[in-house]
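Take a look at the structure set out below.
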Amino acid sequence: MSSPCRVLVVGCGPSGLAAVKEMQEAGHDAIAVDSRSQFGGVFSPDSGVTFETLHLTISNMFMAFSDFPPSGSIKFWTKDEYFQYLSEYVDHFGIAKHLQLKTTIESAVLNKDKKWLVSLATTKDEQEQTEMRTFDYLIVASGANHKPNVPDIFGTFKGEIIHSSEYHSAEQVTGKKVLVVGTGESSVDVASSAAEVAESVTVWGRRYPDLAPRFITDYVDDSNYDEQRAFPTQENRKPKDFLEVTTITRISRNLPLAACLSCNGSTITFEKPGYYGTEFTSKDSVDVEADVIVACTGFALDFDWISTPDHELNTKPRSWFKHSFPPGLGEHMAFVGFARPHSGGIPQCSEMLSRYIALLCKGERQLPADYATIAKVEGKREREAYHGTPNYELLVDYMAFMMSVARLIGCTPKIPMNPVEMIKYWTFPQWPCFFRSRGVGAKPEATKAVLDKFGPLDAMAPGPLLSMQILFTFLMPFINLFSFIFGPVINVGKKTELPRGYQFTMSKFCFMYTNLHSMDAMIESSYQILAGVFLIFFLVLSVPVQTASLLMKHLNGGTGTTKKAAA
C-alpha cells in the first residue's frame, strides 16, 4: 500500500485513540468506532467496569503517550485523572471528528479483493441505523477485556458470585465474608478496598503472588508502609519514589499456592494450601466460609464478528507478529492492545505498534517475509521467560518489546553524550517519551518537556538498591563480554529458545526478540562504564548540597517536611 488507506479502528479506548491518531497523522483516512457513548474504554465514566477508588499501577509519566507530555508533577493518576488526560489528548490532536460512538460492528468480512466489508450499526436519537462500508485495513483495538471469565468450578457455590468488572465499590461487600480469587492487579485492589468494610477477606491464587509497592522509597523507609495513605501525599515527588525506577530503567536491568479449589454450598475447600506470610499449614485441605466470591479471573477474547474466508484467524496473541499481525493476514489487519508489559502500559505498546502500522500502510515499511515464523519463535521465548504464567498470552517484556518495535520503525533512542542527559538515559524509567527523541516520527520537544521536569539524580533508587546498581554498572560490561565470547560454547545442546543463564547476563532485553542482538548490549556496555563515572561524579557533588540543606533545616528549628509513618 503506497497511497493513503481507508482504515477502520475498532475501539475508542486508549489504544484505539492512539491508533486513529497515528493513522490520521500519517495521512490515512481513518475512523474509530465504539459501542459506548464516550471514548476512553474501561476508563470512560460510563464504562461500568472499574471501581471508584482505582489508581493506575504506573506513573503518569509512564502512562502518557510519547508525544503528549502530562502536565504537573509525577504521580499515580486516578481513573478520573487519566480520563481527563485522554480528553486533552483527543482535543489536542483533533481526534474527536474521527470517532463514531454508539456504534457496534455486526460483521467485518475480508472479501476476495482483500477489502473489508463492514456492517456498522449506529444508535442515533434512540434509532439504530445500519450501513455497509468498505475499508482497506482493519485495526482491532477492542482490548482484551471482552467477556468476563468466571470458572465453572464456582458452579456449586450458593452465595453471590461477581466478576471483578462488576465490582465498583466496597459497599457491595460490606459486612460480608469475601473470597477474592486471583492474585493479579485487580485482586489486590479489590481485596484492599473490601478489607476496610467486609467481615473477612480471603485471597486465593494458584501460586504465590508477586507483590510490589507503588512507592518504593516509602516502602524502604517506613516499616508501617500503607499505600492507601500515601496516595494523598503525591505532590512534589520524584521518579526515585516510584517502583518503576527499580524495574524499567537501563541501570536496573543489570540486576540480575494451593493446587485445587472446590465449592459446597457456602463453603470453599482448598486442597493442599499454603499461606502467604509467616504462617504455613501442612493440612490436606482448609474450609473457608464465604458469602460472596469476587472472581478476578480475567477475560476471554471474542472475535466472532471477524470473517476471513480464505484464511483462518488465529486468535492467540503470541502467534501474532509483535502481538499484532496474525499469520497470513498481517497485510490486511492488525491488533493493538494485546501486548501487556509485566511493568508498563498497554496503551504505550499500542501507540508504538500504531506508528509501525501507519508506516506499513504507507508502503514505507514492510513486514518481514517470514513474520509468522518469527512470531512462533518469539512466542516460545516469551513463554519460557514468563514460565510462571505460560497461558497468559498477552504478557511481554516492556523494554525488549518497545526496543524491538522501535527498531522496525527506526526510532530507537540514542545514547546522549551530554553527561546530564546520559545519566537520565541510564537511570530514568524508559518512559515512552524516549522513543520520540530521534528517528522516524521524532518530536524531541516532547522528550525534553518530560525530562526537564527532573534533575539528573532524581531517579536514584533507595540506598541499598543504588549501591547494587552502581556496582553492577561497572561489573556487568565484563559479564556481558564473557557471555558474548563464550556464549556459543555455553549454549551447546540447549533445548530452549532463550540462552542459558540469560537472567544473569544481558537480560531479556537482547534475547527476547529476533531483531535484537547481543551486540546491541555490547555497544551499550561500552558507554555504561562512562555513565557510571558521570553518575558517581554527580553523586559526590551532591553531598555538600544535601549537607547544607540538612544544616539549614536544623538551624531553622527542624521545620523541614517530616514524613509521618502510615498506620
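The values are calculated or read from the model by the stated rules, or taken from the named source; none is laboratory data. Remember, it's a predicted structure, so these values are computed and weren't measured experimentally. In this analysis, Cβ positions are derived from the backbone assuming ideal geometry, glycine residues included, and neighbour counts consider all displayed protein chains. These area figures cover heavy atoms from the full protein model, side chains too; ligands, DNA and RNA do not enter into them. Shrake-Rupley method; radii C 1.70, N 1.55, O 1.52, S 1.80 Å.
Rounded, prolate or oblate: which fits segment 9-160 when a ≥ b ≥ c are the square roots of the eigenvalues of the alpha-carbon gyration tensor, with rounded for a/c under 1.5 and prolate only if a/b beats b/c? It would help to have the intermediate numbers written out before the result.
Details: a/c = 1.91, a/b = 1.11, b/c = 1.72.
In terms of gyration-tensor shape, oblate.
Rounded to the nearest 5, what is the percent of antiparallel bridges among the DSSP beta bridges in segment 1-131?
Values: 13 of 20 bridges.
Bridges in segment 1-131 are about 65 percent antiparallel.
Heavy atoms only, 1.4 Å probe, whole protein assembly: order K21, K238, K495, K124 by accessible area, highest first.
Sorted descending by solvent-accessible area, the residues read K495, K124, K238, K21.
Using a 1.4 angstrom probe on the protein heavy atoms only, could you order V405, V533 from most to least accessible area?
V533, V405
In Å, what is the Rg of the alpha-carbon atoms in segment 127-251, and how long is Dmax?
Both quantities, over Cα of segment 127-251: 20.3, 61 Å.
Let a ≥ b ≥ c be the square roots of the eigenvalues of the Cα gyration tensor of segment 429-498; is it rounded (a/c under 1.5), or, if not, prolate (a/b larger than b/c) or oblate?
In terms of gyration-tensor shape, oblate.
Enter the accessible area of V201 (Å², nearest 10), with the probe set to 1.4 Å and all protein chains included.
Taking all protein chains as shown, V201 has close to 50 Å².
By the gyration tensor of its Cα atoms, with a ≥ b ≥ c the square roots of the eigenvalues, what is the shape of segment 320-467: rounded for a/c under 1.5, prolate for a/b over b/c, or oblate?
Working: a/c = 2.59, a/b = 1.44, b/c = 1.80.
Oblate is the answer for segment 320-467, as a/c is 1.5 or above yet b/c matches or exceeds a/b.
Compute the distance from the alpha-carbon center of segment 295-321 to that of segment 154-185, in whole Å.
28 Å
For S164, what accessible surface area do you get with a 1.4 Å probe? Give it in Å², rounded to 10.
20 Å²
Can you tell me the FRET efficiency between E128 and S307 if r is taken as the Cβ-Cβ distance and R0 is 22 Å, rounded to the nearest 0.05?
Values: r = 21 Å, r/R0 = 0.98.
So the FRET efficiency works out to roughly 0.55.
What 222 nm value per residue comes from the helices of the chain, counting each DSSP H run with n ≥ 4 as -39,500 (n - 2.57) and dividing by all residues, nearest 500 deg cm²/dmol?
Helix contribution divided over all residues of the chain: -10000 deg cm²/dmol.
Calculated from the structure, mean projected area of the Cα convex hull in nm² equals which of [x] 52.1; [y] 36.2; [z] 29.5?
Computed from the coordinates, mean projected area of the Cα convex hull in nm² corresponds to [z].
Could you pull the accessible area for I470 with a 1.4 Å probe, rounded to 10 Å²?
40 Å²
Tally up the carbon and sulfur contribution to the accessible surface of the chain as a whole percent, 1.4 Å probe, everything protein left in place.
C and S fraction of accessible area: 55 percent.
Quick one: dipole size for the chain, taken about the Cα centre, charges +1 on Lys/Arg Cβ and -1 on Asp/Glu Cβ, in debye to the nearest 20.
In debye, rounded to 20, the chain gives about 1860.
Using a Förster distance of 51 angstrom, determine the FRET efficiency expected from the C-beta separation of D287 and Q84, and round it to 0.05.
The formula returns an efficiency of 0.65 here.
Pairs to check: K362/K448; K79/K322; K322/K414; K79/K158; K376/K443; K414/K448. Give those whose C-alpha atoms are more than 24 Å from each other in this structure.
K362/K448; K79/K322; K79/K158; K376/K443
Set the Förster radius R0 to 56 Å, insert the Cβ-Cβ distance between H92 and K495 as r into 1/(1 + (r/R0)^6), and round the FRET efficiency to 0.05.
Details: r = 51 Å, r/R0 = 0.91.
So the FRET efficiency works out to roughly 0.65.
Please give the length that would be gained between E25 and K114 if that part of the chain were fully extended, namely 0.36 nm times their separation in residues minus their C-alpha to C-alpha distance (nm, one decimal).
Stretched fully, the E25-K114 segment lengthens by 29.6 nm.
Would you rank H98, H28 by solvent-accessible area, highest first, keeping every protein chain in place and using a 1.4 Å probe?
Solvent-accessible surface, decreasing: H98, H28.
Please report the antiparallel percentage of the DSSP beta bridges confined to the chain, to the nearest 5. Before the final figure, lay out the partial values.
Numbers: 32 of 64 bridges.
So the antiparallel bridges amount to about 50 percent of the total.
So, with +1 on the Cβ of K and R and -1 on the Cβ of D and E, and no other charges, what is the size of the charge dipole of segment 401-459 about its Cα centre, to the nearest 20 debye?
Rounded to the nearest 20 debye, it is 200 debye.
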